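The numbers here are math on the coordinates, done by the rules we state, and not lab data. Being a predicted model, the structure only gives us computed values, none of them experimental. For neighbour counting, all protein chains shown are included, and Cβ atoms are generated from backbone atoms with ideal geometry for every residue, glycine included.
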Amino acid sequence: MAKTWDINKVRNIGISAHIDSGKTTLSERILFYGGKIHEIHDVKGKDGVGATMDSMDLEREKGITIQSAATQVHWKDYTINLIDTPGHVDFTVEVERSLRVLDGAVLVLCGVAGVQSQSITVDRQMKRYNVPRLAFVNKLDRQGANPFRVKDALVEKLRLNAVMVNIPIGLEDKHRGIVDLVTMKAYENQGDDGENIVEIPVPADMVEDAKKYQLELVGKLADIDDGIAEKFLMEEMPTIEEMKAAIRKGVISLKLVPVFCGSAFKNKNVQHLLDGVTYYLPNPSEKIENALDLTKNEEKFPLSPDNSKPLVALAFKLQETPFGQLTYMRVYQGTLRKGDFIINQVNKKSVKVPRVVRMHADKMEDVEVAYAGDIVAMFGIDCASGDTFCDENIQASMQSMHVPDSVISLAIAPKSKEGTNNFSKALQKFRKEDPTFRVHRDEESNETIISGMGELHLEIYIERMKREFNCEVTVGQPQVAYRETIGAEAPYEYTHKKQTGGSGQFAKISGRILPLEKQEDGSVFRFNNKVVGGRIPKEFIPAVEEGFREQCAKGPMIGFPIVDVDVDLVDGAFHDVDSSYMAFKIAAMAAMREVYQKAKPTVLEPIMKLETTVPEEYQGPATGQISQRRGVVAGTTTIEGNVTIEAEVPLTEMFGYSTDLRSATKGKGEFTMEFSKYSPAPRNVQEELAKKYAAKRAAEQK
């Protein structure tokens with residue numbers, strides 16, 4: 001830790017990308033050059049050690065990153081807090097929560113494949129949280145690598161204002177260094193681990209190219225900075241300092257994405273990327289963060305990374321360790337000291353900070369105090385992911401994170417009676433650390449159902465139960481999260497009357513239900529009160545809404561939630577004595593059941609965006625497989641003998657796809673998929689689902 005805390009010298013950055021673009025390999029190099037580790041291990045290296053940041057056994061075995069890991073490195077006189085995030089769509093919440101607290105990011109792209117489906121998802125997440133970024137085109141040592149094609153794809157596919165800030169000297173097996181377009185100097189990495197950077201003359205055959213790309217860079221900077229624009233028009237060259245300042249201005253205002261290139265595996269140009277992080281990405285005081293003031297009706301106010309102000313910190317990630325729960329915290333303002341009392345803004349509980357540590361993947365060092373802008377971890381604090389902590393001088397909450405809906409469910413149960421205790425412990429823990437992992441008990445079948453973002457997501461948790469909690473489980477058939485909706489407008493009128501000794505029940509309502517168009521905030525139910533003249537007293541209106549809402553939680557066709565419903569309440573009647581909140585609620589529930597059949601009910605199924613990559617000779621069988629699964633091919637691209645097929649396929653049809661794809665392509669095919677949208681299921685599928693549900697209901701009633 002630097003002796004004094006200088007916020008201008010701090011960078012909180014994340015590294016995110018598509019699967020297998022080399023994020024973890026790049027992080028490993030950054031740790032090495034930053035002096036954190038003394039030798040390099042590769043993700044699937046021959047020595048079997050595995051990368052430092054992949055600290056879970058499962059991560060090492062599968063060669064993928066599951067949990068984002070946090071560490072801190074020092075580069076020159078800068079402190080960089082680094083978070084390596086997973087690329088797999090099933091762990092998308094890990095990426096979300098990391099980007100939520102970062103000030104900048106490095107988007108890593110494969111020099112051959114370029115912008116892939118996951119790069120698009122990550123880009124969307126970065127845009128959601130306004131994260132400034134640099135791009136790093138990796139794997140330039142591979143056959144068919146072309147950073148210029150990747151830069152063009154960033155512009156076309158992601159609509160980013162991308163521009164090269166360095167260009168490679170040689171590609172594939174001839175890749176040996178870069179030309180820096182800002183300083184117009186060429187560099188080569190030498191030494192076993194590329195630790196020595198040697199300045200070399202710009203190769204004669206590259207001088208023209210370098211000038212051309214430098215002009216392109218200056219042209220882009222002229223749009224951002226008036227001083228450079230003037231020089232550009234006068235055909236003068238701006239100074240190195242002016243160019244760096246303009247690039248920084250463009251990055252922080254989200255108007256520019258500088259593209260670096262190299263090869264992490266071959267130890268090329270990682271140091272220049274680190275320089276880029278310190279030159280161009282913002283320090284914690286330059287990214288504006290807002291919080292909600294809980295004393296003023298959640299009014300937004302800006303946070304300032306000032307150590308003397310009241311504390312506001314966000315718990316963005318939880319991790320279970322042998323010593324108890326570890327809570328990762330981003331301190332937005334104020335300081336966090338060991339022994340301080342801090343208040344959880346969700347349940348207003350005051351807790352004492354027992355221990356503050358700085359994380360290095362799975363190792364840790366104790367620190368006495370964390371300053372504004374820092375990322376640290378705490379032990380012994382019970383909270384959930386996304387809770388805000390403050391001291392007694394302020395009541396504020398950070399805006400919540402976007403958590404996507406789950407699309408797949410499994411019924412699970414412990415294999416043996418002895419495992420029951422560990423089983424519930426594991427579920428409790430996973431639920432706390434991952435908001436997209438949901439657990440509920442099915443009242444009808446009395447089973448424990450877990451839901452998540454995909455097969456791999458749930459598979460990993462089942463595997464972790466076995467390893468970390470010594471609990472074997474039996475797994476039922478996967479269940480897809482269907483939805484029901486209506487296709488037409490239909491009027492309703494319902495009178496609820498019940499006369500039993502004493503006061504009775506009376507409520508009358510009428511109106512219409514109609515399909516709800518897509519809402520910006522993602523809501524799927526809307527209630528409009530259009531009653532005039534006090535035909536229904538005000539206090540009973542919420543009861544009607546509650547009744548409709550409750551009835552939409554489980555549709556009568558196949559037992560799944562009803563979505564995209566717009567309810568108008570137009571008229572009704574009440575009785576002075578017999579009307580009650582409950583009577584109106586029951587009337588609304590019964591009205592919904594009755595009118596639903598007239599409103600053309602439809603079953604919606606989740607459609608996945610599928611991206612399959614296979615060698616060219618297997619294109620026919622791979623496309624055939626997608627069509628058999630009711631898939632619609634949206635497009636294909638061929639790069640270096642490999643074909644990428646983009647398609648939309650119903651999730652129901654995707655079970656067992658990985659096995660089929662492997663056998664059809666002799667193990668050479670790979671795919672990624674993520675949730676895209678809901679759309680109506682074919683008539684025969686709807687009928688089959690309705691039949692099954694009716695049979696299940698009949699069996700339960702016997």
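What are the semi-axes of the equivalent ellipsoid of segment 484-599, taken as the square roots of 5 times the eigenvalues of the Cα gyration tensor, listed largest first and rounded to whole Å?
Equivalent-ellipsoid dimensions as semi-axes: 25, 15, 12 Å.
Can you give the Rg and Dmax of segment 603-684 based on its C-alpha atoms, in angstrom?
12.6, 42
Roughly what angle does helix 270-280 make with the longest principal axis of the chain, taking Cα atoms, 0 to 90 degrees, to the nearest 10?
With both axes taken from Cα atoms, the answer is about 70 degrees.
Rounded to the nearest 20 debye, what is the charge dipole size of the chain about its Cα centre when +1 sits on each Lys and Arg Cβ and -1 on each Asp and Glu Cβ?
1640 debye
Please give every one of the aspartates and glutamates within straight-line cross-link reach of residue 244, meaning a C-alpha to C-alpha distance under 17 Å, and leave out same-chain neighbours fewer than 8 residues apart.
180, 216, 223, 225, 226, 230, 236, 275, 286
What FRET efficiency would be calculated for the residue pair residue 188, residue 212, taking the C-beta separation as r and a Förster radius of 22 Å, to the nearest 0.05?
E(calc), rounded to 0.05, equals 0.55.
So how much slack lies between residue 462 and residue 237, counting 0.36 nm per residue of separation and subtracting their Cα-Cα distance, in nm?
Once the chain is fully extended between residue 462 and residue 237, it gains 75.0 nm.
Distances over 17 Å make up what percent of all Cα-Cα pairs in segment 177-316?
The calculated P(r) of segment 177-316 puts 70 percent of pairs beyond 17 Å.
With Kirkwood's inverse mean 1/r over C-alpha pairs for Rh, give me the Rg to Rh ratio of segment 408-481, two decimals please.
0.92
Could you estimate the translational diffusion coefficient of the chain from the Stokes-Einstein equation, with Rh from the Kirkwood formula over C-alpha pairs, at 37 °C and 0.692 mPa s, in whole µm²/s?
Diffusion coefficient, whole number: 115 µm²/s.
For residue 309, go through the aspartates and glutamates and keep the ones whose alpha-carbon is under 16 Å away, minus same-chain ones fewer than eight residues off.
289, 293, 340, 374, 391, 392
Could you tell me the center-to-center distance, by alpha carbons, between segment 656-702 and segment 508-550 in angstrom?
One Cα centre to the other: 34 Å.
Roughly how tilted is helix 147-158, in degrees to the nearest 10 and between 0 and 90, from the longest Cα axis of the chain?
30 degrees
Check segment 101-231 and count each lysine pair with an alpha-carbon distance under 25 angstrom, considering only pairs eight or more places apart or from different chains.
Taking segment 101-231 as the scope, the lysine pair count is 28.
If we restrict to alpha carbons, what Rg and Dmax does segment 463-537 come to, in Å?
Over segment 463-537's Cα set, Rg and Dmax evaluate to 23.2, 65 Å.
Would you mind checking the tilt of helix 207-224 against the longest principal axis of the Cα atoms of the chain, expressed as 0 to 90 degrees and rounded to 10?
For helix 207-224, the angle is close to 50 degrees.
Sequence neighbours fewer than 8 away in the same chain don't count; with that in mind, list the lysines whose C-alpha is under 27 Å from residue 497.
List returned: 508, 530, 538, 554, 585, 598.
Expressed as a rounded percentage, what relative contact order does the chain have, with Cα pairs under 8 Å and six or more residues apart?
Worked out over the chain, it gives 9 percent.
If you average the alpha carbon positions of segment 567-646 and of segment 322-353, how far apart do those two centres end up, in angstrom?
Value for the Cα centre distance between the two parts: 41 Å.
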